[in-house]
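Let me begin by presenting the structure, written as structure tokens, before commenting on it.
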Amino acid sequence: MWWNLAAVICAAGSEPVMNVDFSYAFGLPHRMTVALPDSSDKTIVDTHADRLQLRWTYGNLRNIPVGAFMPLGSSWSGDAWVEIDGRRVPIKGHRRAEGILPVLDAESVDADGKVAWEAVGGKSAAMVRVTVTNTSPKPHRYNLVFTVNGGFGEVPGYINAGDPLDYVLAGWNDRADRVLALVSGAPAVLRKDTPARSMALQWDLKPSETGTGWLVRPYQAYEADVPALRTHDWAAEFEAGKQVWRKLLGRAVCLAIPDAGVRDAYYACLGDIFIMREPVGKRYVAVSPGTEAYRCPNSGEASMASVGLDQAGLTREAEAGYRWSVESQGKDGDWNDPDGWSHRCWGMAGFKAWTVLEHYQITADRDYLEGVYPHLLANSRWQERQRQRTRVLVEGQRPLHYGLMPRGQGDCGLDAGDGWYGYFLPHNAWAVNADRVAMLAARILGRDDEAEEMAGNFERAKADLLSAMERGAIHEDGYRWIPGSPGNPAGSRWGVLNAAFPCEILPPDHELITGTLRYMSRKMSPGGLHVHTGWMADGMWVAISLDNVAEVELRRGDGDEAVRILYAALNHGTPLYTWCEERGPEPGTEKVSGDRQHLWTPAAVVRAVRDCLVMEDGDGLHLAPGAARQWLASGEEIGVEQAPTHFGPVS
């Protein structure tokens, strides 16, 4: 179904026009990771002002304890650039191929030529195709140069004249004969930029002539494989890699949005969920929060990613990618990945429960819910035992943390005055949500006795949490807001609005939710996002403005504010539709933290764009609740085709 709703908009012309222009992107390098979906063979591509940097590791997550914070990182890197008559050509622009694929499309421009860069992850290698064109009226010499960073690497022809110059071996830090990279498509020439670690292709081109070369990073190749690498059809593998992504993204729900920048953002971010998935352990595929610093799975970002996939119609992939998280539970019932890096984050069980309920509501798969139900039941019982530890009077009075989960890990910039540890309201809201979902699942499955038990756990936990929120709210300037921990205004505002959605502890129009939104809006960045939503007190975690604030604004009926935040979040990303975890507020900032390609924001974009078009609210379904007024006034079609909802597919 496509909707033409221009007639319902009054005075739309008075609204400021919003554009996706990446005007608040952080500084270079901008990062994209290229790979096939769900692949262990990932190659980071960083775009700098005058070069591309490739970063990679030969490790994988199959042999690392699943869920442990043991990120793979990058063990190798190398820089590639193009020279014209010996001078480097600056990179002037970079984007995704076809607007949405996780395939780099960049351009270098000089008065004497232009260069097209394309990078893709294929079945056997990461490939960079470089096309140089002489745009001047005179002949010129063009070189594609690649040099391995660090102290290791050997180009045989550098060491002994007459030996090959078209590949570089590891030498050390791996098998000595591992091929790190190979170049083809033009004569390879000797370079002495570094001792034995540089190689280059060379073209002498007349006006209007073009040359094409390849920089190839094989995933597993050794010197004996070089003859086969030289004759391999890299163009065919390159196209095959792109086709895999076209086919996958083509299976997702079809969205019609008048703004191509927003539409492309949805599919680009959907693709990056698969970039950050890969095999883990012996039998799982799991989601990591990043591609380098956080390349190891947990259950937080993976939860949002799986919800996004379910809502995109990729339900099989959603379930498979979250199976490890569902099955990760202690023998005592603790569902917070007790042997993983989310241990003591009491909100993880709530994230899991939300994901499970969403999958069931989208698919109506009763067998799935039956299979997961024992995890929900055991966790709710475990949580009830834990809360008994804090249901203790102090000098005859209930302390602010009465009935909450014991002290746990906050993360996300939360601060209770003792580093990472304390009684944190966002985590407790998520924990109560786990009890709520356990109760709902018991009722759906007809487990009447257990449903009554779960309802008791839920109601007691909810009452204690509401008391902590009420008594621990911060009174300021005539209104009240929810802090990260009861009675303590320190730390970030991460997660407090989840009490309204998706945890449904408070209604979206509750006084404390209204006050918290007001408080968070007191300090906004120049680009229109909320400051101190994570660790950086003077910076932003872009995802949280979108994932926390915009989603609640939608449920409060303020679609204008929700879509404004969506545009602001997109414009704080790079032209590759990628985001670092946290950053400074100014355009081009060099203050960034966390993984440079972090998953939380792409997952939030996928969910927010979908919810702006179609959104469940209890027993109701809203169509286009967050459609921008300029979309509606454009006269162009807005809509969805076969969008999964709790009430069945909507078109």
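The values are calculated or read from the model by the stated rules, or taken from the named source; none is laboratory data. For clarity, every value in this text was computed on a predicted model and none was experimentally measured. Every residue, glycine as well, gets a Cβ built from its backbone with ideal geometry; the counts of neighbours run over all protein chains shown. Surface areas here come from the heavy atoms of the whole protein model, side chains and all, with no ligands, DNA or RNA. Shrake-Rupley method; radii C 1.70, N 1.55, O 1.52, S 1.80 Å.
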Between residue 15 and residue 251, what is the label-point separation in nm under the 7 Å Cα-to-beta-carbon projection? 3.5
Lysines within cross-link reach of residue 138: Cα-Cα under 21 Å, excluding same-chain residues under 8 positions apart? 114, 206
For residue 467 and residue 421, calculate 0.36 nm times their separation in residues minus their Cα-Cα distance, and state this gained length in nm to one decimal. 14.5 nm
Just to confirm my numbers, what's the Cα centroid distance between segment 554-574 and segment 456-498 in Å? 25
Exposed trypsin sites (Lys or Arg not before Pro) absent: longest stretch of the chain, with sites in DSSP loops and at most 14 other Cβ within 10 Å deemed exposed: 392-521
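Once the Cα gyration tensor of segment 518-651 is found, what semi-axes does its equivalent ellipsoid get, as square roots of 5 times the eigenvalues, in whole Å, sorted largest first?
28, 15, 14
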Gyration tensor (Cα) of segment 1-144, equivalent ellipsoid semi-axes in angstrom: 33, 29, 14
Tell me the label only: which of [x] 30; [y] 27; [z] 35 is percent of Cα pairs over 39 Å apart as calculated from this structure? [z]
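What does the charge count near residue 127 come to, summing +1 for each Lys or Arg and -1 for each Asp or Glu among other residues with Cβ under 13 Å from its Cβ?
Numbers: positive: 123, 129, 217, 242; negative: 41, 118, 233, 237, 239.
After counting each charged neighbour, the total is -1.
How high is the relative contact order of the chain? Use alpha-carbon pairs under 8 Å, at least six apart in sequence, and give a whole percent. Before the final figure, lay out each step's value.
Values: 1545 pairs, mean separation 105.6, N = 651.
The normalised contact order for the chain reaches 16 percent.
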Rounded to the nearest percent, how much of the accessible area of the chain (1.4 Å probe, protein heavy atoms only) is carbon and sulfur? 50
Karplus ³J(HN,Hα) for segment 544-557 (6.51 cos²θ - 1.76 cosθ + 1.60, θ = phi - 60°; Hz, whole; x = Gly/Pro) runs 6, 4, 7, 6, 8, 6, 4, 5, 6, 4, 4, 6, 8, x
Local electrostatic count, residue 199, Cβ distance below 10 Å [Lys/Arg +1, Asp/Glu -1]: 0
How much FRET efficiency would the formula 1/(1 + (r/R0)^6) give for residue 123 and residue 392, where r is the Cβ-Cβ distance and R0 is 60 Å, rounded to 0.05? 0.50
Between residue 647 and residue 327, what is the label-to-label distance in nm when each label sits 7 Å out along the Cα-to-Cβ direction? 3.7
Cα centroids of segment 375-450 and segment 172-236: how far apart, whole angstrom? 57
Sparse-neighbourhood loop hits (chymotrypsin sites (Phe, Trp or Tyr not before Pro), segment 121-198; DSSP loop; Cβ within 10 Å at most 16 others) -> 172
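I need the calculated FRET efficiency for the pair residue 192 and residue 50, taking r as the beta carbon distance and R₀ as 25 Å, to the nearest 0.05.
It comes to 0.80.
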Amide H within-cut-off set for residue 113, under 5 Å, with H built and near neighbours excluded: 135
Once R0 is set to 25 Å, what does the formula 1/(1 + (r/R0)^6) return for the Cβ-Cβ distance between residue 111 and residue 590, expressed as a FRET efficiency to the nearest 0.05? 0.25
Cα-only Debye scattering, segment 359-430: base-10 log of I(q)/I(0) at q = 0.25 Å⁻¹: -1.07
Segment 233-386, relative contact order [Cα under 8 Å, separation at least 6], %: 17
Can you give me the long-range amide H partners of residue 50? Hydrogens built in the peptide plane at 1.01 Å from N, cutoff under 5 Å, separation of 5 or more residues or another chain. 91
List the residues, sorted by chain then number, that are 5 or more residues from residue 501 or on another chain and whose placed amide H is less than 5 Å from its amide H. none
Cα-Cα longer than 28 Å, checked against 123/192; 282/352; 123/282, kept in input order, equals 123/192
Classify segment 151-253 as rounded, prolate or oblate from the Cα gyration tensor: take a ≥ b ≥ c as the square roots of its eigenvalues, call it rounded if a/c is under 1.5, otherwise prolate when a/b beats b/c and oblate if not. oblate
Return the distance in nm (one decimal) between the two label points of a simple spin-label model at residue 62 and residue 174, each offset 7 Å from Cα along Cα→Cβ. 1.6
Give me the Kirkwood hydrodynamic radius of segment 234-388, using the inverse of the mean 1/r over all pairs of distinct Cα atoms, in Å to one decimal. 16.9
Using just the C-alpha positions of segment 336-382 as equal point scatterers, what log10 of I(q)/I(0) does the Debye formula give at each q in 0.21, 0.22, 0.24, 0.33 1/Å? -0.74, -0.79, -0.89, -1.18
For the chain, what does the helix formula give at 222 nm: sum of -39500 (n - 2.57) over DSSP H segments with n ≥ 4, over the residue count, nearest 500 deg cm²/dmol? -9500 deg cm²/dmol
Segment 104-237: relative contact order as a whole-number percent, Cα under 8 Å and 6+ apart: 27
Considering only C-alpha atoms, what is the centroid distance from segment 116-137 to segment 270-311, in Å? 29
